[in-house]
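Coordinate-derived values only; no laboratory data. None of these values were measured; they are calculated from a predicted model. Virtual Cβ from ideal backbone geometry, glycine too; neighbours counted across all protein chains shown.
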Amino acid sequence: MLLFLNAAQLLLYIGILALLGQGLLFILAGAKRDTNLFYQLFTVVNKPWTYIAALIAPKQIATRHHPFVAFCVVAVLYLAVTVAKIEHCVSVGMTSCK
């Protein structure tokens with residue numbers, strides 16, 4: 001169980017950092033962000049998260065806002081997995097959580 005929680009937490013953490021990086025480059029690169037290699041890399045890495053956000057988000061949300069929705073979803077999932085991991089570690093007495 002702990003291995004599954006650790007793997008889920010790692011995947012979500014990578015997603016959060018990649019979405020933050022894409023957001024930072026969105027601000028810093030300006031209009032030339034589509035030609036920026038690292039922005040394109042973040043776009044490819046974040047494609048699964050933005051696809052999930054597009055499925056979840058209402059139709060009134062613009063497509064350009066889907067990465068922000070994805071960040072919110074991933075952040076909530078990361079917090080939920082962290083709480084589940086803490087509860088698991090407390091329930092087993094912290095013996096296997098070191």
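Can you tell me the FRET efficiency between Lys32 and Ala75 if r is taken as the Cβ-Cβ distance and R0 is 41 Å, rounded to the nearest 0.05?
After rounding to 0.05, the efficiency reads 0.90.
Full extension from Ile61 to Lys98: what is 0.36 nm times the residue separation minus their Cα-Cα distance, to one decimal in nm?
Extra length available between Ile61 and Lys98 comes to 9.0 nm.
Report, in debye and to the nearest 20, how large the dipole of the range 3-98 comes out about its Cα centre when Lys and Arg carry +1 and Asp and Glu carry -1 on their Cβ. If you can, show how the numbers build up before the last one.
Numbers: 7 positive and 2 negative charges, 36 e Å.
It works out to roughly 180 debye.
For the chain, find the longest principal axis of its Cα atoms and tell me its angle to the long axis of helix 66-91, 0 to 90°, nearest 10.
10
How large is the helix-only mean residue ellipticity at 222 nm for the chain, computed as the sum of -39500 (n - 2.57) over DSSP H runs with n ≥ 4, divided by its residue count, in deg cm²/dmol to the nearest 500? Write out the running numbers ahead of the final one.
On the way: 4 runs with 73 residues, N = 98.
Helix-only estimate at 222 nm: -25500 deg cm²/dmol.
Report which label in (i) 3, 15, 27, 27, 20, 8, 1, 0; (ii) 2, 13, 20, 19, 15, 11, 8, 6, 4, 2, 0; (iii) 2, 8, 8, 9, 9, 11, 10, 8, 8, 10, 9, 7, 2 holds the value of P(r) over Cα pairs in 5 Å bins from 0, in percent derived from the coordinates of this structure.
The value matching this structure is (ii).
Taking the 0 to 90 degree range and rounding to the nearest ten, how far is the long axis of helix 2-29 tilted relative to the main principal axis of the chain, both from C-alpha atoms?
20
So between Ala54 and Leu20, what do we pick up on full extension, going 0.36 nm a residue minus the alpha carbon distance?
Result for the pair: 10.5 nm of gain on full extension.
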